[in-house]
Amino acid sequence: MPRPLKVTVHDPETGETAHTEVPVGSYLLVCVEPCRRTALNAYATGTHQITVKGVTDPMAGFWNGHDAGAAQADQERAK
């Protein structure tokens with residue numbers, strides 16, 4: 001049976017560290033300024049549409065936790 005994902009985030013500028021658990025069947029969105037979540041649409045089907053604005057450098061090598069190639073292709077298309 002799946003267990004919650006334990007997440008630790010550290011801000012090297014302030015030294016602050018935060019810990020949380022992401023429940024099974026949920027997700028965690030981490031935005032770093034100037035990125036910010038500007039909208040969240042939740043549908044009855046369980047689909048969430050999240051709008052993030054202010055992205056200046058998409059995280060290379062990471063897309064949906066699995067496919068680094070797709071992230072690179074998306075980054076190239078965005079140029």
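The values are calculated or read from the model by the stated rules, or taken from the named source; none is laboratory data. Source: prediction; values computed, not measured. Reconstructed Cβ throughout: ideal geometry from the backbone, glycine too, with neighbour counts over all protein chains shown. Keep in mind that these areas ignore ligands, DNA and RNA; they rest on the heavy atoms of the full protein, side chains included. Shrake-Rupley method; radii C 1.70, N 1.55, O 1.52, S 1.80 Å.
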If you go through the range 27-34 one residue at a time, do you hit one that is within 13 Å of the chain's Cα centre (by Cα), more than 22 Å from Thr8 (Cα to Cα), open to solvent by 100 Å² or more (accessible area, probe 1.4 Å) and without any contact (Cβ under 8 Å) to a residue 40 or more places away in the chain?
no
State the number of residues belonging to the range 9-24 that are open to solvent by 90 Å² or more (accessible area, probe 1.4 Å), part of a strand (DSSP E or B) and either on the phi > 0 side of the Ramachandran plot or not charged (D, E, K, R) (or both).
2
Can Thr56 be described as modelled with pLDDT of 95 or more and either of a type outside the set (Asp, Glu) or surrounded by 11 or more Cβ atoms within 10 Å (Cβ to Cβ) (or both)?
no
